[in-house]
Amino acid sequence: MTESFFTITRAVSCELREKRSLFIGQLLPVKSVAEAEAALEDIRKTYHDATHNCFAYRIDPDHYRFSDDGEPSGTAGRPILAMLEKYRLLQVLLVVTRYFGGIKLGTGGLKRAYSACAEQTILQAERVPFSRFQSFRLQYPYSLSRQVEQVLRRHGAQLVSADYGEEITALVQVPEEAAGRFVEALKQLPPAQMRFAYQDSTWKSA
């Protein structure tokens, strides 16, 4: 069974106070590691006077990063990442900025505070379904148009682009969980006329 994930479309923020320390959570949509790092640098510049700017980001299940930014190891970055994992968020950056209030929270207190701020920030956001799609390039004669359209519709495929020359050349994206059935359906069409090739895969809002 395919795992379900989510992303966000706009940035949100939240504040939390714990024993005089101020925690500011910011959740932003980011498309890549480079975009996440650039957004993180902007936040560091904005909150340059903060005690810590701890963060985590997830681009996809295999590409993520987190940092305690000077807090005791495991008390900030990992709890923030755990919240992104709990809510199954991808292509997001979550920064929790802390202004120290003079009272130490201890490692347990820090974990709870960073977790709470991260979770409250996430709950401010509207989460939208986010799935992996596989892209295919199709080439076929006009006589197969109706049959191809039926295959696309039956498997939830999305037409990205099409070129109408001597024959139709189309780029389509198919939800990953339907890609195998989609390929089998294409193979049922006349092989001398229906030509297709896998291109790549990408994450996008469903």
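Read-outs throughout are calculated quantities, based only on the coordinates presented, and are distinct from any laboratory measurement. These numbers come from a predicted model, not from an experiment. No Cβ is skipped: glycine too gets one built from the backbone with ideal geometry, and neighbour counts run over all protein chains shown.
Extension gain, L159 to E184, is 7.2 nm, computed as 0.36 nm per intervening residue step minus the present C-alpha separation. From a point 7 Å beyond the Cα of I168 in the direction of its Cβ, which residues of the stretch 116-156 have a backbone N at a distance under 13 Å? Correct set: 138-154. Between V33 and S205, the simple label model (points 7 Å from Cα in the Cβ direction) yields a spacing of 2.6 nm. Shown is the FRET efficiency for S4 and D49, computed with R0 = 25 Å from the Cβ-Cβ distance and rounded to the nearest 0.05: 0.05. Note on the chain: with a GNM built from Cα contacts shorter than 10 Å, the maximum mean-square fluctuation among I24, I168, I80 falls on I168. Spin-label pair E85-Y99: with each label point 7 Å from Cα along the Cα-Cβ axis, the two points sit 3.2 nm from one another. Amide H contacts of Q91 (H built 1.01 Å from N, in plane; Pro and chain starts excluded): R58, I59, D60 sit under 5 Å, all sequence-distant by 5 or more or on other chains. For V160, the amide hydrogen comes within under 5 Å of the amide hydrogens of L171, V172, Q173, counting only partners 5 or more places away or on other chains and with H modelled in the peptide plane. Evaluating 6.51 cos²θ - 1.76 cosθ + 1.60 at θ = phi - 60° for every residue in the stretch 31-36, the Karplus couplings come out as 9, 8, 4, 4, 5, 5 Hz, glycine and proline recorded as x.
Rounded to the nearest 500, what is the chain's calculated 222 nm mean residue ellipticity when only DSSP H runs of at least 4 contribute -39500 (n - 2.57) each, over all residues?
Theoretical 222 nm ellipticity from helices: -9500 deg cm²/dmol.
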